[in-house]
Structure formats: structure tokens, C-alpha cells
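Chemist: Encoded as C-alpha cells, here's the structure I'll be asking about.
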Amino acid sequence: MKLDVEEEAVLAIAQKALDRKTGARGLRSIMEETLRDIMYSLPSEENVAKCVITKACVTDKKKPDVIYKEKKAKQKVLNESVS
């Protein structure tokens, strides 16, 4: 799975850190707040290709955009015994 953070989201994270007057630990805290729900739910999903963090995820606590892999058609394998 790939995690993408949009540029506007990065700027929103930086702005929150500035508003809180925090450094690197503040950035970590903001990221943890933003990713808290998906940290536990996405790893158990098998067909997730990408998770996109948007500005709305950071500022409005919206859920991230999740892009799923295309499901491949299951191929049936026939075992034929030759007599």
C-alpha cells in the first residue's frame, strides 16, 4: 500500500504545528491525529492500493481517500488426471 500526502495537506500540517508553537514532536502528533483511524483499519484490508491524505483530513478530520486495487478474476485450475 502506498501513502500519499497532498501538498495542501503538508502545508496544513505545518500550519497546525506553527499555531501550536511545536517542533518535530508537534508534527508527529498532528500526523498521528490525522492517521489514527486508518492506522488500525487499512492494514487488515487486502486490496488497498493507495491512501491519500488531503487537506480536509488535516483541517476537518475527514476520512482519507482510499484507492483500491482492481480485483483479478480468479482463474480456475483444472487438474485432469491422465490414465
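Chemist: Which numbered condition trips up residue 11, out of (1) surrounded by 14 or more Cβ atoms within 10 Å (Cβ to Cβ); (2) at pLDDT 95 or above; (3) aliphatic (A, V, I, L, M)?
Modeler: The single condition residue 11 does not satisfy is (1).
Chemist: Are any residues in segment 1-49 farther than 30 Å from residue 70 by Cβ and either in contact with an Asp or Glu (Cβ under 6 Å, 6 or more places away or on another chain) or β-branched (Val, Ile, Thr) (or both), and if so, which ones?
Modeler: Once the filter is applied, which keeps residues that are farther than 30 Å from residue 70 by Cβ and either in contact with an Asp or Glu (Cβ under 6 Å, 6 or more places away or on another chain) or β-branched (Val, Ile, Thr) (or both), segment 1-49 yields 13, 22, 30.
Chemist: So, one more: Cβ-Cβ below 7 Å, separation at least six or inter-chain, first residue in segment 54-68 and without any contact (Cβ under 8 Å) to a residue 12 or more places away in the chain, second of a type in the set (Gly, Ala, Ser): which pairs?
Modeler: Sorted first by the residue in segment 54-68, then by its partner, the pairs are 62/56.
Chemist: Under the condition of being modelled with pLDDT of 90 or more, assigned to a loop (DSSP other than H, G, I, E, B) and charged (D, E, K, R), which residue from segment 28-68 is nearest to the chain's Cα centre (by Cα)?
Modeler: Among those residues, the one meeting the criterion is 63.
Chemist: Hey, can you tell me all the residues within segment 18-40 that are under 14 Å from residue 55 (Cα atoms) and of a type outside the set (S, T, N, Q)?
Modeler: 30, 31, 33, 35
The values are calculated or read from the model by the stated rules, or taken from the named source; none is laboratory data. For clarity, every value in this text was computed on a predicted model and none was experimentally measured. Using ideal geometry, Cβ is built from the backbone for each residue, glycine included, and neighbour counts are taken over all protein chains shown.
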